[in-house]
1. Antiparallel versus total DSSP beta bridges in region 7-278: what percent is that, nearest 5?
2. Can you tell me the equivalent ellipsoid semi-axes for region 269-343? Use √(5λ) from the Cα gyration tensor, largest first, whole Å.
3. Once ligands and nucleic acids are excluded and a 1.4 Å probe is used, how much of SER125 is accessible, expressed in Å² to the nearest 10?
4. Mind jotting down the three principal axis lengths of region 7-278 based on Cα atoms? Whole angstrom, largest first.
5. With r defined as the distance between the Cβ atoms of ALA504 and GLN351 and R0 fixed at 35 Å, what FRET efficiency is calculated, to the nearest 0.05?
6. Using θ = phi - 60° and the Karplus form 6.51 cos²θ - 1.76 cosθ + 1.60, what ³J(HN,Hα) does each residue of region 378-394 get, whole Hz, x for Gly and Pro?
7. With +1 on each Lys and Arg Cβ and -1 on each Asp and Glu Cβ, and nothing else charged, work out how big the dipole of region 390-504 is about its Cα centre, in Debye to the nearest 20.
8. Which whole-percent values make up P(r) of the chain when all C-alpha to C-alpha distances are grouped in 20 Å steps starting at zero?
Amino acid sequence: MPEDRVIIFDTTLRDGEQSAGIGLTTQEKLEIARQLERLRVDVIEAGFAASSPGDLAAVKAISAEVRGPIIASLARCVPGDVDAAWEAIRGAERPRIHTFISSSDSHLMDLLRKNPEDVLDQAVSSVRRARNLCEDVEFSPMDATRTDLDYLYRMLEACIAAGASTVNIPDTVGYALPSEFAERIRLIRENVPNIGDAVISVHCHNDLGNAAPNSVAAVMEGARQVEGCINGLGERAGNASLEEIIMTIETRGDALGVTTNIDTRQIYRTSRLVSDITGFPVQANKAIVGANAFRHASGIHQDGVLKERTTFEIMDPQSVGWPSSSLVLGKLSGRAGLRSRLEELGYDLDQDELNSVFESFKALADRKREVSDADLEALMSSLRRRADVPAIYALEHVQVTCGNHDVPTATVTLVSPDGSQLTDAATGSGPVDAVYQAINRIVGAPNTLVEYRVDAVTEGIDALGDVTIRIRQNGSVFVGRGSDTDIIVASAKAYMNALNRLLAIGDVPAPAPARA
Ligand code: KIV
Ligand code: ZN
């Protein structure tokens with residue numbers, strides 16, 4: 001068996017960004033990449049440089065700033081893609097080109113419409129071109145789990161001979177069963193003569209819910225790199241959840257005999273940040289990072305955990321960074337108390353950031369008796385949004401009249417880019433619609449609202465309402481978030497957040513990028 005450390009390859013910023021409805025700015029990608037560095041992943045696939053100028057810029061920015069992990073860019077097996085990938089990552093401390101081509105009969109016949117030998121040659125010349133530019137090259141035969149085995153062996157052997165030091169076996173359509181996938185990895189190890197010169201990687205999709213079990217089964221057969229996304233984001237049903245694989249290795253190292261280099265205490269923060277930035281919520285019963293993952297509801301379980309935690313908990317919540325204390329802050333709390341609580345939650349603030357969050361904290365504490373960890377996370381998320389998204393228009397005032405005998409009517413005042421105040425009013429089918437119509441009259445940026453969601457940050461009538469929306473313009477989707485104890489105000493803030501992103505379109509991936 002190969003050595004016992006599993007390389008953790010994060011593709012949240014590439015395959016994860018392929019989740020329908022996600023479009024991240026360079027600033028947001030950088031923020032996620034910095035957190036992945038703290039999590040100590042081994043490889044960050046920062047994007048697909050040839051897919052859009054926005055992706056190229058983001059991969060470049062991450063390569064220039066993030067130190068520690070290998071920074072990879074995806075590239076189809078075509079010269080232009082390989083060159084663009086190199087252009088994007090050449091500034092990285094440890095660059096990697098990840099090049100891929102389809103290998104299954106289905107893809108060769110119906111997608112590429114090429115004969116297998118030509119495709120094999122294309123794969124080899126692409127790996128060779130990449131290897132001439134970059135020392136670290138990964139090759140993926142796309143749809144490998146539905147690929148003829150003899151052809152797969154030949155392709156892998158030729159690509160390793162051409163310079164690939166990692167060969168990745170993608171279950172692109174999430175079709176494999178754990179036993180079949182493990183068998184395929186074993187057969188590859190037995191039948192590819194030079195397989196010892198490369199690391200075997202796996203990349204599993206979750207169409208049947210088997211992505212993490214398939215990845216773990218492959219590790220048991222000698223795969224030593226696992227690819228996945230935080231919170232299981234990714235194309236269609238997503239990729240393998242990295243946090244699930246990491247904690248499986250951590251918790252069941254006894255059975256698997258392998259380890260990772262991950263700082264598991266950063267898992268919770270990473271999950272929250274990715275959810276916050278992408279606007280994709282984490283389901284409550286999601287393993288490791290869901291709100292209920294460490295909550296015990298039944299009396300028997302509670303009794304057990306109170307007597308001895310391990311009766312019903314196989315992991316210590318603190319080992320994945322769940323906040324340890326349930327201390328609540330209130331309006332008498334000062335800056336020092338706020339800073340110390342935020343530090344415990346994993347936020348490292350400079351004085352300006354602390355002053356800014358303290359102001360919002362005081363305003364919230366005036367309206368809400370107790371300010372919980374979840375409230376603080378919502379405040380931090382608003383602060384981050386203000387830093388990440390240029391406030392081209394700022395919300396100054398919003399007022400609504402509505403009721404069962406009234407036509408919902410909103411008056412809104414925005415501060416425009418030149419500092420002047422602009423006020424307008426509109427009616428709508430409901431109070432939120434009226435607010436959005438009034439804002440539209442001022443900003444004049446036509447778009448379609450494709451998603452609107454309100455979540456309560458905590459329990460109770462005085463809870464912060466957290467609004468997530470997605471708007472679409474010319475095929476691009478822009479997410480917006482806003483929180484307030486008044487959900488109409490939260491809705492207005494979310495809309496302004498999305499509109500400001502749309503207006504700063506220069507920093508947003510171009511519509512309909514090429515997708516892997
Ligand atoms: O799912 C897949 O096959 C991919 C490849 C590009 C690695 O994402
Ligand atoms: Zn994929």
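The values are calculated or read from the model by the stated rules, or taken from the named source; none is laboratory data. Every value quoted in this text rests on a predicted model; they were computed, and no experiment measured them. Backbone-built Cβ (ideal geometry, glycine too); neighbour counts: all protein chains shown. For the accessible areas, the whole protein counts, side chains as well, though only heavy atoms, and no ligand, DNA or RNA atoms are used. Shrake-Rupley method; radii C 1.70, N 1.55, O 1.52, S 1.80 Å.
1. Details: 1 of 35 bridges.
Within region 7-278, antiparallel bridges account for around 5 percent of the total.
2. On the way: eigenvalues 129, 78, 25 Å².
Those come to 25, 20, 11 Å.
3. 60 Å²
4. Largest first, region 7-278 extends 45, 43, 32 Å along its Cα principal axes.
5. On the way: r = 27 Å, r/R0 = 0.78.
Rounded to the nearest 0.05, the efficiency is 0.80.
6. 5, 5, 5, 5, 5, 4, 4, 4, 5, 6, 7, 10, x, 7, 5, 10, 10
7. Details: 7 positive and 12 negative charges, 101 e Å.
With Lys and Arg at +1 and Asp and Glu at -1, about 480 debye.
8. Whole-percent P(r) values from 0 Å outward: 21, 51, 25, 3.
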